[in-house]
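Below is one structure, written out as structure tokens; comments come after it.
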Amino acid sequence: MLDVIAAIAFGLLFGLAAIYIHGCDRLKGTRL
Amino acid sequence: MTLNGWLQIALFIATVLLLAKPMGSYMTAVFERRKTFFDPMLGPIERLLYRISGINADEEMRWTQYAVAMLVFSAATLVLTYVVERLQAFLPWNPQHLPGVESSLALNTAISFTTNTNWQAYSPESTMSYLTQMLGLATHNFWSAAVGLALAIAFVRGIARREMKTIGNFWVDLTRGTLWILLPISILFSFALVSQGVVQNMRPYDTVKLVEPQTITGSDGKTSTMTTQTIAQGPVASQEAIKMLGTNGGGFFNANSAHPFENPTPLSNFLQMVAIFLLPAGLCVTLGQMVKSPKHGWAVLAAMVVLWLAGTFTAYWAESHANPLLHNVDAKVSQVQSGGNMEGKEVRFGIANSALFAVVTTDASCGAVNAMHDSFTPLGGMVPMVNILLGEVVFGGVGAGLYGMLVFVVMAVFIAGLMVGRTPEYLGKKIESFDVQMAMLYLLIFPLLILGFTSVAVLMPHLGLASLTNHGPHGLSEILYAYTSATGNNGSAFAGLNANTHWYNYSLGAAMFFGRFMMIVPMLAIAGNLASKKIVPASAGTFPVTTPLFTVLLTGVILIVGALTFFPVLSLGPVLEHLLMQAGQLF
């Protein structure tokens with residue numbers, strides 16, 4: 001069971017990191 | 001403090017500075033793919049690796065591609081380590097027949113070693129098999145350091161290039177950093193450590209008869225007499241070398257570099273400290289050479305040396321004074337004793353080399369320890385914590401220190417521009433809103449993670465506070481240090497905190513993950529943006545980044561950002577503990 005949690009955590013963390021890269025790239029040229 | 005102690009400290013920094021230029025020049029040649037001594041031997045291996053993995057070494061990457069490649073590599077190696085830990089009971093090289101590592105601890109450790117943190121919530125000799133230590137952990141010591149090197153070089157390329165969309169090829173930088181830099185030096189260093197008595201074998205642990213049997217009373221009140229002791233063995237020297245060189249810090253044994261099999265002599269201690277600073281110091285020279293402004297590299301290195309000296313002086317001074325509540329105890333320096341606060345320190349290293357090691361390991365993101373930071377005086381223990389809280393930019397981790405410092409350089413140049421009312425420029429590149437936004441993101445994520453996780457932990461008695469050995473301000477320091485060490489990817493433990501619980505394994509794992517990758521991404525975004533810019537000719541209004549004034553400004557910005565962010569929590573922890581100790585209360 002805990003291995004499933006670990007697998008979900010891996011996916012979630014790296015998925016978030018990929019979205020974060022996209023977000024930072026999109027921020028360029030945007031005035032906050 | 002003694003003259004002998006200061007002479008050893010002076011010898012240490014002189015050695016680091018003497019080695020910085022040859023090391024930096026060599027790294028420049030490696031990453032600019034110029035000819036080096038190792039090419040005939042390593043060139044064919046490099047080409048073979050590219051052919052097997054289908055990599056085109058001449059293909060350049062945008063910053064987003066570079067970041068995704070780094071993430072993919074980190075994810076793959078993280079999963080490998082997790083699987084090896086979980087399955088170690090069924091794998092070879094497990095002479096002690098250790099069971100598989102518990103899931104939350106395996107997850108925490110896999111993240112820890114992938115992120116170059118090497119936080120260890122376990123006792124290695126009773127938890128990890130030889131195969132796990134080598135395949136799961138020591139490999140990460142190379143990979144995570146090589147990733148740091150690659151990222152720093154990508155940032156430097158961003159500064160050096162003009163009107164380009166790319167910052168290099170991650171796979172090439174990773175491969176060359178591992179093969180040309182980390183492997184040869186660590187092999188050489190392993191032999192030096194073996195010569196000092198660091199063990200290197202695959203034997204089962206030894207059991208020896210005690211000269212003097214020990215009677216102990218267990219928690220259940222029963223007494224038992226111990227007549228034997230188990231002495232752990234293992235392939236230590238090979239792991240120890242990259243542990244220091246790659247600023248990883250994860251010990252083969254629980255006592256880390258205080259263990260006589262990891263760090264047997266004053267000379268091995270000296271070499272280990274030099275190894276921690278070797279690559280970060282060299283990278284400053286690499287920076288100067290790659291951006292065609294060697295003086296800029298030296299100016300950045302000078303800021304690091306100033307901050308290192310301030311930390312060393314404070315820690316050495318604090319530890320040279322004994323606990324004032326120890327009455328009728330001779331704690332003065334003499335021919336037969338070190339004097340001062342020797343609690344938690346090894347007699348063979350003494351005060352000076354314990355204080356210096358603590359400063360060096362936390363200036364860099366190493367995290368190895370040769371003394372227990374929890375046993376330092378409140379102010380002495382605050383120094384390692386402050387070093388990490390400043391962002392580990394004082395030399396810093398391999399690569400991570402330099403790119404962290406360069407983000408501070410961007411901020412320093414920006415502030416200088418604001419002060420004179422001109423658009424800030426850095427080596428001919430205009431610093432614009434996107435660069436500053438990303439720099440601020442980089443700088444704000446760090447305190448957000450540390451203070452956020454610490455706040456949650458201290459507000460939950462059954463999760464956060466239940467693991468504490470000490471309470472009051474010292475307890476706060478223990479929790480704060482744990483999240484600081486994790487987020488800063490340092491990995492040293494203040495001790496006194498049982499971190500092997502589900503709460504700490506998961507929350508510290510998250511802190512390590514976000515502290516690594518959420519800071520790398522904005523840093524790479526700055527690199528990509530800088531690479532695309534034109535070079536503006538220097539004018540009378542350009543702030544020079546090669547002068548002592550720049551070094552002073554950079555040092556000031558680092559200290560002010562750190563002080564403004566963390567002074568309140570430090571005042572509730574080590575500062576309060578120091579004042580209460582002076583008033584006669586200990587925790």
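The values are calculated or read from the model by the stated rules, or taken from the named source; none is laboratory data. Treat the numbers as computed from the prediction; the structure is a model and nothing was measured. Using ideal geometry, Cβ is built from the backbone for each residue, glycine included, and neighbour counts are taken over all protein chains shown. Please note that ligands, DNA and RNA were not included when accessible areas were found on the heavy atoms of the full protein model with its side chains. Shrake-Rupley method; radii C 1.70, N 1.55, O 1.52, S 1.80 Å.
Looking across the stretch B:432-472, the residues that are within 14 Å of chain A (Cβ to nearest Cβ) and open to solvent by less than 50 Å² (accessible area, probe 1.4 Å) come down to B:Phe434, B:Asp435, B:Val436, B:Gln437, B:Met438, B:Ala439, B:Tyr442, B:Ile445, B:Leu449.
Out of the stretch B:485-501, which residues are at negative phi, open to solvent by 20 Å² or more (accessible area, probe 1.4 Å) and part of a loop (DSSP other than H, G, I, E, B)?
Our first condition is that a residue be at negative phi; within the stretch B:485-501, this holds for B:485-488, B:490, B:492-494, B:497-501.
Those left that are additionally open to solvent by 20 Å² or more (accessible area, probe 1.4 Å): B:493, B:497-498, B:500-501.
If the condition is that a residue be at negative phi, open to solvent by 20 Å² or more (accessible area, probe 1.4 Å) and part of a loop (DSSP other than H, G, I, E, B), then B:Ala493, B:Asn498, B:Asn500, B:Thr501 are the ones that fit.
Here the stretch B:90-104 is the region considered, the condition is being assigned to a helix (DSSP H, G or I) and open to solvent by less than 10 Å² (accessible area, probe 1.4 Å), and the residue that is nearest to the other protein chains (Cβ to nearest Cβ) is B:Ser103. Given the conditions (1) in contact (Cβ under 8 Å) with a residue 24 or more places away in the chain; (2) assigned to a helix (DSSP H, G or I); (3) among the hydrophobic types (A, V, I, L, M, F, W, C), and given that B:Leu586 satisfies all but one, which numbered condition is not satisfied? Result: B:Leu586 passes all but (2). The condition (being within 17 Å of the chain's Cα centre (by Cα) and away from chain A (no Cβ under 14 Å)) is satisfied by just one residue among B:Ser492, B:Ser539: B:Ser492. The helices (runs of 4 or more DSSP H) found entirely in the stretch B:116-207 that carry 3 or more residues being out of contact with any Asp or Glu (no Cβ under 8 Å at 6 or more places or on another chain) and of a type outside the set (A, V, I, L, M, F, W, C) are B:124-127, B:139-160, B:183-196. Scanning the stretch A:6-26 for residues that are facing chain B (nearest Cβ under 8 Å), under 8 Å from the mean Cα position of the chain (by Cα) and more than 14 Å from B:Val79 (Cβ to Cβ) turns up A:Ala17, A:Ala18, A:Tyr20, A:Ile21.
Results for (1) under 26 Å from B:Ala303 (Cα atoms); (2) touching a strand residue (DSSP E or B) at 6+ places or on another chain (Cβ under 9 Å), shown as yes or no for each residue.
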site: B:Lys534; (1), (2): no, yes
site: B:Thr542; (1), (2): yes, yes
site: B:Pro548; (1), (2): yes, no
site: B:Leu553; (1), (2): yes, no
site: B:Val557; (1), (2): yes, no
site: B:Ile560; (1), (2): yes, no
site: B:Ser571; (1), (2): yes, no
site: B:Pro574; (1), (2): yes, no
site: B:Leu580; (1), (2): no, no
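Checking the condition in a helix (DSSP H, G or I) and open to solvent by less than 20 Å² (accessible area, probe 1.4 Å), which residue from B:Ala302, B:Ala281, B:Ala368, B:Ala310 passes? Being in a helix (DSSP H, G or I) and open to solvent by less than 20 Å² (accessible area, probe 1.4 Å) holds for just one of B:Ala302, B:Ala281, B:Ala368, B:Ala310, which is B:Ala281. When B:Leu476 is tested against the conditions (1) at pLDDT 90 or above; (2) out of contact with any helix residue (DSSP H, G or I) (no Cβ under 8 Å at 6 or more places or on another chain); (3) part of a helix (DSSP H, G or I), the lone failure is (2). Scanning for something open to solvent by 70 Å² or more (accessible area, probe 1.4 Å) and within 29 Å of B:Met519 (Cβ to Cβ), does the stretch B:71-82 turn up at least one residue? Among the residues of the stretch B:71-82, at least one is open to solvent by 70 Å² or more (accessible area, probe 1.4 Å) and within 29 Å of B:Met519 (Cβ to Cβ), which makes the answer yes.
On the given criteria, is B:Thr109 touching a residue at least 60 places away in the same chain (Cβ under 8 Å) and under 22 Å from B:Val369 (Cβ atoms)? Write out each step before concluding.
Numbers: touching a residue at least 60 places away in the same chain (Cβ under 8 Å): no; under 22 Å from B:Val369 (Cβ atoms): yes.
It is false that B:Thr109 is touching a residue at least 60 places away in the same chain (Cβ under 8 Å) and under 22 Å from B:Val369 (Cβ atoms).
Would you check if B:Val79 is of a type in the set (Val, Ile, Thr), without any contact (Cβ under 8 Å) to a residue 40 or more places away in the chain and either assigned to a loop (DSSP other than H, G, I, E, B) or within 24 Å of B:Trp63 (Cβ to Cβ) (or both)? No: the conditions fail for B:Val79.
Among the residues of the stretch B:476-483, is there at least one that is open to solvent by 10 Å² or more (accessible area, probe 1.4 Å) and out of contact with any Phe, Trp or Tyr (no Cβ under 7 Å at 6 or more places or on another chain)?
Filtering the stretch B:476-483 for residues open to solvent by 10 Å² or more (accessible area, probe 1.4 Å) gives B:476.
With out of contact with any Phe, Trp or Tyr (no Cβ under 7 Å at 6 or more places or on another chain) added as a condition, the list becomes B:476.
Yes, that holds for at least one residue.
The single condition from (1) open to solvent by less than 60 Å² (accessible area, probe 1.4 Å); (2) within 14 Å of another protein chain (Cβ to nearest Cβ) that B:Gln65 fails is (1).
Would you mind stating whether B:Phe270 is touching a residue at least 12 places away in the same chain (Cβ under 8 Å), among the aromatic types (Phe, Trp, Tyr) and open to solvent by 10 Å² or more (accessible area, probe 1.4 Å)?
Working: touching a residue at least 12 places away in the same chain (Cβ under 8 Å): yes; among the aromatic types (Phe, Trp, Tyr): yes; open to solvent by 10 Å² or more (accessible area, probe 1.4 Å): yes.
Judged against the criteria, B:Phe270 is a match.
Among the residues that make up the stretch B:520-534, is at least one of them more than 14 Å from chain A (Cβ to nearest Cβ) and open to solvent by 10 Å² or more (accessible area, probe 1.4 Å)? Outline the logic, then answer.
Initial filter on the stretch B:520-534 (more than 14 Å from chain A (Cβ to nearest Cβ)): B:534.
Next, only the ones that are open to solvent by 10 Å² or more (accessible area, probe 1.4 Å) stay: B:534.
Yes: one or more hits.
Only one entry of B:Leu107, B:Leu137 meets the criterion of being crowded, with 24+ Cβ neighbours inside 10 Å, aliphatic (A, V, I, L, M), within 11 Å of chain A (Cβ to nearest Cβ) and closer than 22 Å to B:Phe494 by Cα, and that entry is B:Leu107.
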